[in-house]
Structures are given as C-alpha cells and as structure tokens.
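The values are calculated or read from the model by the stated rules, or taken from the named source; none is laboratory data. On a predicted model such as this, the values are computed, not experimentally measured, just so you know. Cβ atoms come from the backbone with ideal geometry, glycine included; neighbour counts cover every protein chain shown. The area values use the complete protein model at the heavy-atom level, side chains included, leaving out ligands, DNA and RNA. Shrake-Rupley method; radii C 1.70, N 1.55, O 1.52, S 1.80 Å.
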Amino acid sequence: MKLQHLLSASLLLAASTAIHANNPNHPDSVYVFTYQTGPAIDGLKMAYSSDGHYWVPIGDNHSFFKSDYGTWGAEKRMFNPCTYYDGTEVYAVFALNNRANQFATTRSHDLWLWKPQDYPYMSNTENVAAPVLTKSNGLFSVVYTTSAGNYYRTTSTDFQHWSDAELVDDATYQAARHLQKAVIDGHTYEGYVIRVPYTMVDNLFARVGDAAQRNRLQGESLRDDARRFGNFKGIEATLTYHPDQAKDISPDLIGIFFEDINYSADGGLYAELIQNRDFEYNHLDRGEWNAQSFWEMKGNGTTWEIATDQPIHANNAHYAILNTTQPGAALCNNGFDGIVVKKGEKYDLSLFLKNLDSKAQKLNIRLLDGEKVLAQTSFTASGKDWKQQKAVLRPTADATHATLSIEPQTSGRIAVDFVSLFPQNTFRHRKNGLRPDLAQALADLHPRFVRFPGGCLSHGNGIDNMYRWVTTIGPLWERESQSNIWGYHQSKGLGFFEYFQFCEDIGAQPLPVLPAGVPCQNSSRGGAGQQGGLPWNRMDDYAQELINLIEWANGDPKTSSWAKMRADAGHPKPFGLKYLGIGNEDLISDVFTERFLYLQERIRATHPEITIVGTVGPFFEGSDYEYGWQLARRHNIDIVDEHYYVSPSWYIHNQNFYDRYDRQGTKVYLGEWASRGNTLENALAEALHVTNLERNADVVVMSSYAPLLAKHGHTQWNPDLIYFNNTDVFPTVNYHVQRLCGQNSGSQYIPSDLAVQVLRDDNGNLRRQDNHDATLRVRSSIVRDGQTGDLIIKLVNLTSLSADTHIDLGTLEGYSKKAHTSVITGQPSDRDCQPVEGTLDVASPFAYTQPPYSFTVIRIPAIKK
Ligand code: AHR
C-alpha cells in the first residue's frame, strides 16, 4: 500500500512511538476502556487510564466506529460492544438488535482504523444479545445470550469463520463476561477494559485532533471572503507553462453517471408516456401502490380487476380484465404527472388484448386534454390469445396534461396489458428510445463514458433486488420489472440494449456497474444489509451472468448465442465493451471481498481484455476506503471507483489529494462526486477540483459528477446536475461547469506555474504580497486536446477579487492568435449563471482579467496544416 497518506499515518505513528519511547514520563502501556455513551446508533467511545481508576476520554465524544449493519439511520445500531486485545490486534464484537441471529465483528491494529464489519450468522439460535469475546490458545470464543434467555458459544480460529453455536450454561457466560464500570467526567459507564501500548492512545489523540482540524476547514465558505480578502485591492497572477514536460493523461477523464434515481429513467429519460403500463406496480415499489395504481376507471358500466392466471409472459404476470355491462366508462392513465404531447407529432400506441367473451370486443382509445379529443383510434379483439394491437396517434393540439382513455364499446370481458404510448420523436429517432431534450443535455456534456444503471440501484435493496442485467433485454413485455431502491418502480424499458445504444449514439464508452454478488449494505428487504451475499451455490451462475454480458456486448453472433440476441435486437456489430464495474461503494466485508475476488478471477480467466472497475466505499477515507485500496493493490484491480460528496471547502483544502497517489498499478475512477449544492460557489469548487484531476489524470482516469438527473417533485437526492419536469430541462450552474470541462478536456497535461499575489493599498501605493488563501483559490490547468491539437487553459478564481493574469506561453507557434473564451461568473450564492462565450487575442504573452468568482476556459485553436 503506497498511498502517501497511509505512509504519513504510519510515519506519524512511528514518530509518536519514538517520542514516547524516549519520554520517561509516559508509561509503556495503559488501560483503554471501550464503551457507549448515547443511543445505539452512536458509536464506540474510548477513554484511557494509567492506573485503571482515573479515566480520560479520548476525543470529544468521538465515535471510533459505528454499526454499519442494515438500512440507513435508525437500523444501524450497536449494543454491548466488547473488545479484546491479544497483544497484536484489538478485536471487537457487538450485538445488532433484538431480532438478528447475527453479531458484528471488526478488528484494528491501532484502534483508529477498524476493519469493515462482518456479521456472521448463528444459524441454529435465536437472536444474539450481549456477546462477549475472549481468546485462548489461538481460539476466539464468543459467548452470548438471547431474548429467550439461552446462552451459546461460537468459536473461530481466524475471527472470520465461526462454528455453529453450541448451548452453554449461565455460569459459562457469566465467567466470560468481564464487563467493568468506569467513571468518566462524572458519569458512570459500563464497558470493557483492554491494556494496550501507550503509543496507540497517543496516536488516537493526534488523529482525533487532525480530524477536528479538517472538519473546521471543511466548514469554511466564501461567505467569509470579506474577512479573507476585504483588505486587498485585487490579485495579480502570472501563468507560465512547460510544454517540454507534457504528460499523457486519460482522454476519458470526464464522463457521466446515470442512475435511475429521482425518476431519471421511467418518467424521465425513458420516453414512455404511460405509467404502470404493464400493471406490475406493487407494494414493494411503494407501500400504497398496487397493480391498479395510476389507472382509474371513470364512469359507469365497466368494472375492472387484476388477473395473473394467463399472462403474456411470466415476467409480466399482472394484467387488467375489463368487465362491461354497459359501454360508457373509460380506464384512464395520466402518465407521469400528465402526458405531454405535441400537435402533429406521431405517437406509437400499442397494447395487448385478449378477448375473454364469446363475442368480439371493441375498444375506443382516445387521447384527451380534459374534454378535448386530441387523437383517437379503435381496436377490436376477437382472438382468445394475447395479440398486440398498434396504431399511430397524431394529436391535433399541444397538451401537457393529456390522458389516455381506454373505452369499452361492447358489453363483455376483455383482458388488457402492456399499454404503451411512445413518441416517435426520440433521441436519434430510436424505437423505445429516450426523451430528446434530456438526452441532448447529456450528449452536450460530451461525456467520454456513461456509467449505468447505478449507484445503490445496482447492488439493490436485498439479494432479490440486485440489478440483473439479463432481465433488462429482449421484448419489453418479457423484461422483469422491479422495485427501485429509491422508492418507486423500474420498468426496465430502459434496459441494457438501450443504455449501450445511447452510449454509441453519443460516442461514449459504456461502463456498466453490476453487483459483486452482494446487495447494498444499507438493505432493508429480505434481511438486513449484505445478507451474507449471494449463497456460494449461486455464485457460479452469477459469474457466468457477468461473462454472458461481455459475450452479449462484444461477441460474434455467428458463434455466440448471447451475441445473437444483440444482433436480433438490431445491433449486429459489437458494442465494444471495455469496462465492467463490479460492486458499488460496498462495505468491504469478508462477504464482499471473497465474492469480488471470485468474480474478478472468473472474468480475467475468460475475458482478460476487459478492464475491471472495483470499489472502495462511499467516502474519501475510512475503513472501506483503506481496506478497499489494500484489496486493490494486493490483487491488482485495474481501476477502483471512489465516491465523495463533500463541502466546497473540502476541494479547496484537498487539492493534492491525488498528487500523493502511487502512479503505478491500480487507477482511480472518481465515480461519484459533488460539492453538496447548486450554487456558483459549489460549481467553482468543482471546477477547481477538475483542474486538480487533470493534473492527476495519469492516475484518475475517469470521473463523473453525481447524481445526474432529478425530476421536480420526485427527487430523493439533492443536489443533482440537471433538473427537469415533463416539458423542460433545467441545467444547474454545476452542469455548465461540467459541460465546459467535458467539451474542453485533453489527452495531454502541460505542467504550468501560476504565481499569485494579492495587492494591498499601502497609503496610496499598491504593494504585492503573497497570500496563502488566494494561492489556494486561484488555480489553473493547461491541457492539449489530442484530436484537434488545441491548447486549453482553465482558470478558476474562487475569490472576491479580480485576478489580472499575465499569461506567457512563449511564441505559441502553430496556434491561432485568437482564442475562444467561455466564462462563468456571478455571486457565490447565484444558481443561474450561464457561460458567456467570447474571443481573446492571445499573441503571447497576453493579459486576461479573471472576474471575481469565475471559471474561465481559454481555448487556443491549433492551426490546421
Ligand atoms: O448518487 C446517489 C447515491 O450515492 C448512489 O446511488 C450511491 O452509490 C451513493 O451513495
């Protein structure tokens, strides 16, 4: 593990060891009391004592680890944590709740970095309560009680694989239970005492102090600029560069991450206009939903019910039966908050019908805007088998809240399923395609890759909800729709064929991210958390499923049945899949690690040409990050996916985050990042980060802002890059920054120097002086676009001062003397800043004044030979 910060952590530890080894006043070892102070969702606290009586808390109520079991929030609870130190490592176990027949395990070498937790199952007992950990002769033993008042013991030689629990008596349990009391700051707590080297404790104080200092820095904002820069008149900067030191960087740095969150797919990018078209909505999507949701029978004479006995396909089990005694009623669907149609455009209407009566059944279908008929057609069903009927509707007027109305014209019974109204005007006129304005907004970002389908959506809410790509291809009515972890329904109409086709349409690499055989650690359905992962007797098939994806995407239809499915769907040529993501910010538990490595091995053995993208947890630090990176280095994972959603000031104070990464081996995909807001302040912090990513784009080979899309009124996560409703698209200022970066990325990074000074008015004389705050906030990067040869300068000014910038790029031979500029500027709290395009004379050296709070891109075209 060569990450510099780990190195510095161990240097710090070594240094403090050295200091205290030489300090005769410090003990060699001390007692550490591990305990809890507050509610169970709070974490493990520690205090130390040299005499075992007077206890000093470590950190200000600092939690050294918390439970990571089960769904977000109240479910992640820790009860009765028990620690044990064997002279090499500290081990901990704790109970989870009063139901689970599992307990938690974790371990640490230094009390600071704790291994991602595992939750072994005790299959032959009730719940696990108050577990007590001991170790003797190399054997770990956990004795515990249960709600029923029984006592059990389980043992392990490796703290990973645990024996079946055996019944023990009360005396055995009580003998093991070395619970103690300690008075800390006047309060008495119960917990466990271990004796550890004093250097461990000293290191903890240093780490807790560092964390507090970093938290303070991350709380900074541009609101403090009057204090920071109020005394200065302006900034002067000089930019020079070193073209002879140019280095190749990833041309794929800027991509997008599409997740079906915030109604991004159904009701969003996927252009289908009918909601619950297949009557498959159910309570798993949302408690109050069922197969009839979003349909309404209006008028009298027809009743309707849901049947499942003879469906079109087993994957689409529910359908409607309309029973008409007297024509006059209508089964209506308002789509996703109203159906939007445009006058004169063509809409493909289709539905499956099956006559359940002795006489033929006729239906009128009308598209209505209130009482006004926009378009209509009729179908007659006489056959006893399902038959798809089709028509093209051309509305006579625009409407934003139209209704599709299915109106029986005959008395009798008829079965209806898979009612679809699909605009012909989709992005690139693809059948079953995408909403053109939204897709164009994505295309305009000029992404080099598209990650899909999630996020948490990929690994899903429980084992049965993991995203299985194979259920998303083929005829729409045979696809297995599924509840969405974000609390709604995914029809899978936007499936893998459609994702791959979109990537091809916009010239982006597809980056599917699929589960590593474990569901989201925050799962609440079918058990809690990772649920032990997919059982091993299903992992072989699952590995094959991933291999089949590669066959499907890249194989030859003449030799591969999977590739033939792709060809039959209309794409005989391979899609050219290069990347495959396995896992999404998973808890790097043993359950995950074993499955990930198995899948990686199977894919490497069959498709070594595929670049595997692993995962290192949801934060830029901590257990999953550290253990994820250790795994990556140890097993040469090609790329790992990092995630962080942090404050704007995190980006200001972590500009060298990647400069300290090892340049060899595993690369980084910064798969989810954002600065928690849609103001100019956020967007500029993100622009700043892009300049730092570009400098490090030999290591950070891909990045994608997250989340991408959010529908007004249906948003589970804020902020997002692009908001929309049924008619309009609302790009954020963050979007404009990402778009400029995507459209102005390069394949070579040209090292440069930016010298920044502030100007102080010294009794009428302007004096220049160095200023750390300004140096941190006025940044630049220069790249060369490998395709056009253009030179691209990005300048970020995150200060309230304008920055007169002297730019000296030598003779600039071979470049036009007229550059194109794009500038975004405004006040930090602004949300609607748009880039202003312009030109700039760039006979080098040249001057450019960066407005306060601005992002500027200067593109100097190469002269075409
Ligand atoms: O981007 C939203 C969510 O954030 C993703 O689904 C998940 O990976 C992360 O926690």
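Observations on the structure shown:
- Annotation note: Cβ proximity below 7 Å between a residue of region 302-329 that is open to solvent by 30 Å² or more (accessible area, probe 1.4 Å) and a residue that is among the β-branched types (Val, Ile, Thr) (sequence gap 6+ or interchain) occurs for 304/321; 305/321; 318/306; 318/308; 323/302; 323/303; 327/410.
- Residue in region 443-471 that is nearest to the chain's Cα centre (by Cα), counting only those that are within 16 Å of the ligand (Cβ to nearest atom) and part of a helix (DSSP H, G or I): 456
- Residue within region 1-19 that is modelled with pLDDT of 50 or more, closer than 23 Å to residue 87 by Cα and open to solvent by 70 Å² or more (accessible area, probe 1.4 Å) present: no
- Scanning region 596-652 for residues that are on the phi > 0 side of the Ramachandran plot and within 19 Å of the chain's Cα centre (by Cα) gives 617, 622.
- Any chance residue 280 is crowded, with 16+ Cβ neighbours inside 10 Å and out of contact with any Phe, Trp or Tyr (no Cβ under 9 Å at 6 or more places or on another chain): yes
- There is no residue in region 715-734 that is modelled with pLDDT under 95 and either open to solvent by 10 Å² or more (accessible area, probe 1.4 Å) or within 28 Å of the chain's Cα centre (by Cα) (or both).
- Near pairs, Cβ below 7 angstrom, 6+ apart or cross-chain, from region 619-644 (free of Cβ contacts under 8 Å to residues at least 24 places away in the same chain) to any residue that is open to solvent by 10 Å² or more (accessible area, probe 1.4 Å) and of a type in the set (A, V, I, L, M, F, W, C): 625/619
- Residue match in region 257-274 (condition: over 29 Å from residue 425 (Cα atoms), in contact (Cβ under 8 Å) with a residue 24 or more places away in the chain and part of a loop (DSSP other than H, G, I, E, B)): no
- Against the list (1) buried (at least 17 other Cβ atoms within 10 Å of the Cβ); (2) outside any strand (DSSP E or B); (3) small (Gly, Ala, Ser), the condition residue 415 fails is (2).
- Scanning region 782-816 for residues being open to solvent by less than 10 Å² (accessible area, probe 1.4 Å) and closer than 17 Å to residue 244 by Cβ gives a total of 5.
- Breaking point among (1) in contact (Cβ under 8 Å) with a residue 60 or more places away in the chain; (2) buried (at least 22 other Cβ atoms within 10 Å of the Cβ); (3) within 16 Å of the ligand (Cβ to nearest atom); (4) of a type outside the set (Lys, Arg), for residue 487: (2)
- Condition check for residue 502 on (1) more than 16 Å from the ligand (Cβ to nearest atom); (2) under 30 Å from residue 307 (Cα atoms): one failure, at (2).
- Single match in 273, 269 (criterion: hydrophobic (A, V, I, L, M, F, W, C), more than 16 Å from the ligand (Cβ to nearest atom) and buried (at least 20 other Cβ atoms within 10 Å of the Cβ)): 273
The rows are residues; the columns are (1) surrounded by 15 or more Cβ atoms within 10 Å (Cβ to Cβ); (2) touching a strand residue (DSSP E or B) at 6+ places or on another chain (Cβ under 9 Å).
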site: 136; (1), (2): no, no
site: 151; (1), (2): yes, yes
site: 161; (1), (2): no, no
site: 167; (1), (2): no, yes
site: 173; (1), (2): yes, yes
site: 185; (1), (2): no, yes
site: 220; (1), (2): yes, no
site: 227; (1), (2): no, no
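- Residue within region 392-408 that is over 44 Å from the mean Cα position of the chain (by Cα) and either open to solvent by 30 Å² or more (accessible area, probe 1.4 Å) or in contact (Cβ under 8 Å) with a residue 24 or more places away in the chain (or both) present: yes
- Within region 498-513, the residues that satisfy the criterion of being outside any strand (DSSP E or B) and touching a Ser or Thr at 6+ places or on another chain (Cβ under 9 Å) are 498, 499.
- Residue tally, condition open to solvent by 10 Å² or more (accessible area, probe 1.4 Å) and assigned to a helix (DSSP H, G or I), over region 653-681: 2
- Here the strands (runs of 3 or more DSSP E) wholly within region 688-805 that include at least 1 residues being more than 16 Å from the ligand (Cβ to nearest atom) and under 23 Å from residue 845 (Cα atoms) are 752-762, 765-769, 778-784, 791-797.
- Once region 247-266 is narrowed to residues that are more than 16 Å from the ligand (Cβ to nearest atom) and charged (D, E, K, R), the residue that is least open to solvent (accessible area, probe 1.4 Å) is 266.
- Residues (under 15 Å from residue 181 (Cα atoms) and either open to solvent by less than 30 Å² (accessible area, probe 1.4 Å) or within 31 Å of the chain's Cα centre (by Cα) (or both)) located in region 21-51: 32, 33, 34, 35, 45, 46, 47, 49
- Among the candidates 493, 527, 474, 507, residue that is surrounded by fewer than 23 Cβ atoms within 10 Å (Cβ to Cβ), more than 16 Å from the ligand (Cβ to nearest atom) and under 20 Å from residue 590 (Cα atoms): 527
- Qualifying residues in region 530-549 (those that are among the hydrophobic types (A, V, I, L, M, F, W, C) and crowded, with 20+ Cβ neighbours inside 10 Å) - the one farthest from residue 703 (Cα to Cα): 534
- Taking first residues from region 512-529 that are more than 19 Å from residue 117 (Cβ to Cβ) and partners that are modelled with pLDDT under 95, the Cβ contacts under 9 Å between residues at least 6 apart in sequence or on separate chains come to 525/71.
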